[in-house]
Amino acid sequence: MTSATVTARSGKNTGEPDDGRPGKGTARKRVMDLGAWFLVLPALLPILVLSVGPLLYGIALAFTDSQAGRTEPTEWIGTLNFQDLLHDTLFWDSFRIGLLWAVGVTVPQFLLALGLALLLNQQLRLRWLARALAIIPWAMPEVVVGIMWRLVYNPDAGVLNETIRDLGLGDGRDWLTGLATALPAVIIVGVWAGMPQTTVALLAGLQNTPHELHEAAALDGAGAWRRFRTVTWPALKPVALAITALNFIWNFNSFALVYVLTNGGPGGRTRLPMLFAYEEAFRYGQFGYAAAMGCIMVAVISVMLALYLVGRLKGGEDA
């Protein structure tokens, strides 16, 4: 085979010297990449302006002594805010409450949503209506949910206390201001409000499970529990892990629901980390200190996401 044939098959023009510069294919690829960036730019700009920009500004603010109403210029103080946080027992108490809240909401949320998804996956009459009713709490804003449940928990005319009195179980109590009942009462609201999205995700996973596997397991004599353990759960596990991890992160970052219900009270028993940072920034004007709290929260959430992604990657490799 001659060199001219090889050159012709390789797609090069023998009349032009090969100077090592990129060819037309590389130039065309660059044009396509620029076009792709041009198409992505309208969606990317709001993220940069509304998310990345404030995040970077907040991180920089955490290393300053910025305060509301201060006449002196803001000064760079290094890690002093973070050193103060290490000895702030109120912040770490809020961190502990935030973990209790996140676990207390996420676990029952998943278990109840799993049962509801299994029920809605059956061939029931008016199943479409049941599915529509199941997602109503998800469609309601958190502020509306909080106001509605404040009426339910009202100590004088609330539905809960009226039911307790009608059943002769006592005179009821003030659920949202009691030191022992405030956090459990708020957790119940969090479970109710967040369960629909978990149900929808699990129901989608159940519907993607091949029905033939259930039929084959039933023909082999497997009961309902064995079919769930050997057929349903292995197919549902990736969705379950994903939605549980995301729910834990979302619940740990909760603000509006608890703010409307209790505003962090009584006595700080429901003061989540986000509420504590909000109070430091907008009630006491300690912007730099609150920004340092936000940085701690971002670090914790980043670690959670990293652990979740590593687990997913390992799971994918094992599969």
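Here are a few things to note about the model shown:
- Of the residues 278, 151, 118, the one whose Cα sits farthest towards the positive end of the charge dipole of the chain is 118 (charges of +1 on Lys and Arg Cβ, -1 on Asp and Glu Cβ, taken about the Cα centre).
- Taking the accessible area of the chain, probe 1.4 Å, and keeping the other protein chains in place, the carbon and sulfur fraction comes to 66%.
- Farthest toward positive dipole pole in the chain [+1 Lys/Arg, -1 Asp/Glu at C-beta], among 136, 300, 78: 136
- Taking all protein chains as shown and a probe of 1.4 angstrom, residue 289 keeps an accessible surface of around 30 Å².
- Axial C-alpha extent at least 18 Å, average Kyte-Doolittle at least 1.0 - helices from the chain (DSSP): 89-120, 182-207, 233-252, 287-318
- Probing with 1.4 Å while keeping every protein chain in the model, the per residue accessible area of the chain equals 63 Å².
- Reported to the nearest whole Å, the Cα centre-to-centre distance from the range 57-77 to the range 99-152 is 42.
- Simple Cβ-charge dipole of the chain, Lys/Arg +1 and Asp/Glu -1, about Cα centre, in debye nearest 20: 1180
- Across all directions, the average projected area of the convex hull around the alpha carbons of the range 126-182 is 5.6 nm².
- Within the shell of other residues whose beta carbon sits under 13 angstrom from the beta carbon of residue 230, the net charge comes to +3, with Lys and Arg scored +1 and Asp and Glu -1.
- Amide H partners (placed H, <5 Å) of residue 64, local residues excluded: 77
- Residue 169 exposes around 130 Å² of accessible area when a 1.4 Å probe is run over every protein chain in place.
The values are calculated or read from the model by the stated rules, or taken from the named source; none is laboratory data. The model shown is predicted, which means the values in this text are computed figures rather than measured ones. Here Cβ is always computed from backbone atoms with ideal geometry, including for glycine, and neighbour counts include all displayed protein chains. Each accessible area value is taken on the protein alone, full model and side chains, heavy atoms only, with ligands, DNA and RNA left out. Shrake-Rupley method; radii C 1.70, N 1.55, O 1.52, S 1.80 Å.
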